[in-house]
Every structure is written in C-alpha cells, then in structure tokens.
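Below: one structure, written as structure tokens.
The values are calculated or read from the model by the stated rules, or taken from the named source; none is laboratory data. Here the structure is a predicted model, which is why all the values come from computation and not from measurement. Methodologically, a virtual Cβ is constructed for each residue, glycine included, from the backbone with ideal geometry; neighbour enumeration extends over all protein chains shown.
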Amino acid sequence: MIFLDIAYLGEISRDRLDLGGGKGASLSEMVRAGLPVPPGFVVCAGAFTRAMSATGISDQIAVVLDKVDYENNDSLNKVSGEIKELIRSKPLPPSLVQEIESAYEKISGENPVPVAVRSSATCEDLSEASFAGQQETFLYVLGKEDVHKYIRECWASLYNARAIFYRKQKGFDEAQISIAVVIQKMVNSERAGVLFTVNPVTKDTESMVIEGTWGLGEAVVSGFITPDFYLIDKTSGDTQYVQVSKKDMMIVPNAAQKGTVKKEVPVEKREKQVLADSEILQLVGLGKKLEEYMGCPQDIEWAIEAGKVYLLQSRAITTL
C-alpha cells in the first residue's frame, strides 16, 4: 500500500477528509474549481498517524486519555498538557522532513517565504459537529526549522482541552481521530475579512454579508476589531446597506516577517471604507461561484494584496 504524506492543494478532493482534514480538503477543492487560492500543500493526516505510531506516542496517548475526568477542567488541562509535551518532544520522521522541505521549496522558490501553518482535523467542519476554531493556526512562519516546529504544534493542538472534551461530548472515537496540516503561502493583505454567502443572522438566502478591515483578517475572525459591514443583494450584486466602523487597530506581520503584531491604523484610514464597489462585486461573484460549486452556503475568509483578491479558506455554514 502506498501512503500519502504530502499532497499539494488541488490534489485532494473535498470528500477526502481522511487525507486533508476539513481545511485541506476544502482548499484543495477550491483550487480545483479555479478559485484564487494561495499556493500550498498539506501534510496529510496519515503522516501524523504514522509518526505517532512509529514513536510509540499513540499508545502513550491512549493511556493518558484513559485517566481523564471529562467533567473536571483541571483534569482535562493536565492531560492536555501531558499529551502536547509528548508530541513536541519527538522530532519529525526524517523521510517526512525531506518531503516537507521539498514542498516548502517548491512554493517558496529560491528564497524562503512566510507561510501560514494551519491545523486541519479530520473531524473538522463536519455538518453534524463543527470543530472550527478548536485547533491552531500560525501565521508568518518563515524557514524550514520553524515550519517543522509549527507542524508539531498543530499536531499537539489536536489535544487542546476544549477539543478533547468536545470530541467526547459528540461521541467521536479518539482512536479514529487524526489531523492534517495545511502550509500555505502568506498573502500580505492590505485588507481582509469574511464573506457569508447567506445572511448568517436573518438566514436570508438572497443576501450576502461581507465584513472587512485593514491588515490581516485575523482581526475580524478573532473579534479584535469591529469591521466594516456590507449587506449585498445576491442576485444583482447591489449594496443594500453599508456600515463603516472606526478601525483604530489592525494586525500586520512584524518587521522580521515572522509572526504578527497589533498596530495602530493611520488616522486618515480609520473611518475610511475598506472596499471599493468593484471589489465588492468581485467578492460577490467569487462567493456565488464557490457556493454553487460546493452545493451549500459558505463562510469564506478573503484577503486583498496589490489589488488581487484571494480566498484563504471556506467552510459550510452550519448554523442555518
């Protein structure tokens, strides 16, 4: 049997959550649809499973989980910490390191580029139990050594206390749980945000909602700032309502292009509308295309760099 450790975005179909996890499978399908997705690759879930087995960690995890009291936060946190340290303590298998470095060089070119390293659990974004946000994302990771480090951090995040409790609550078998990791070239976004292809509050399927801010979209996703709000008619693309917020702060890459920092927005931009009408129409068009392709309403993260719109990830809206 041939085991797949690395797959480039576009090589995994949306139904192969067992390979790419929710994020990896979705992004790969978006590439197949011809949507503007930054280049990247997936460290497949099987690579995690094989690494845990080869090092004996999987057996140790089973023993540790057997003693957890799921109704006790201290017990959950203690077990979570023990498992994370087990995973962090072991280096990646040499053969996997070679494949990761080759793939990183392929998306980087001659010089290393900053990447986003995103957890993609195999049980993430399922319609019956949304696991979104329970694993980690690391932005502006630069260089091979840090890529290796943050892959292990993503693996460890599968055992965040909240995730362990949630899986127990939803009846998932821990022995069947795995995690993939998406490594994706960073978009140096001047503006970013989210797009809902239906109104998530009123459930109106004929409206779309766009939220946007300056800098990286993490400021919107994390609730760090109040973004601009746009209510759009899905059929015509007409803007029905705009609320421009005061955006005092933004999240940007730090000077060394490793990690992010919070920074004040220049005074002249704080109460300025983030999106032009042409960009709103472009986002609406991309959202409609993705919704039609995926067959259900989507929650999309977007970014704009040098006038080009990118879609960073998307998931089915599970709250309708």
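Quick check on region 3-19: of everything there that is in a loop (DSSP other than H, G, I, E, B) and of a type in the set (D, E, K, R), which residue is nearest to the chain's Cα centre (by Cα)?
14
Quick check on residue 263: is it in contact with a strand residue (DSSP E or B) (Cβ under 8 Å, 6 or more places away or on another chain), outside the structural domain of residue 33 (by TED's automatic domain parsing), assigned to a loop (DSSP other than H, G, I, E, B) and in contact (Cβ under 8 Å) with a residue 24 or more places away in the chain?
Criteria not met by residue 263.
What about residue 181, is it modelled with pLDDT of 95 or more, over 17 Å from residue 244 (Cα atoms) and in the same structural domain as residue 118 (by TED's automatic domain parsing)?
Considered against the rule, which asks whether it is modelled with pLDDT of 95 or more, over 17 Å from residue 244 (Cα atoms) and in the same structural domain as residue 118 (by TED's automatic domain parsing), residue 181 comes out as yes.
Being within 27 Å of residue 141 (Cβ to Cβ), part of a strand (DSSP E or B) and either touching a Ser or Thr at 6+ places or on another chain (Cβ under 6 Å) or in contact (Cβ under 8 Å) with a residue 24 or more places away in the chain (or both) is true for just one of 252, 274. Which residue is that?
Criteria check complete, one pass: 252.
Is it the case, given these coordinates, that residue 38 is surrounded by fewer than 16 Cβ atoms within 10 Å (Cβ to Cβ) and in the same structural domain as residue 172 (by TED's automatic domain parsing)?
So residue 38 fails the test.
Here is a list: 108, 119. Which entry is surrounded by 23 or more Cβ atoms within 10 Å (Cβ to Cβ), in the same structural domain as residue 27 (by TED's automatic domain parsing), hydroxyl-bearing (Ser, Thr, Tyr) and at pLDDT 90 or above?
Going through 108, 119 in turn, the sole match is 119.
Scan region 285-293 and give yes if some residue there is assigned to a helix (DSSP H, G or I), over 17 Å from residue 230 (Cβ atoms) and touching an Asp or Glu at 6+ places or on another chain (Cβ under 9 Å), otherwise no.
Yes, the conditions are met somewhere in region 285-293.
Those residues that are in contact with a Lys or Arg (Cβ under 9 Å, 6 or more places away or on another chain) and under 11 Å from residue 165 (Cβ atoms), I need them from region 73-91; list them, please.
75, 76, 79, 80
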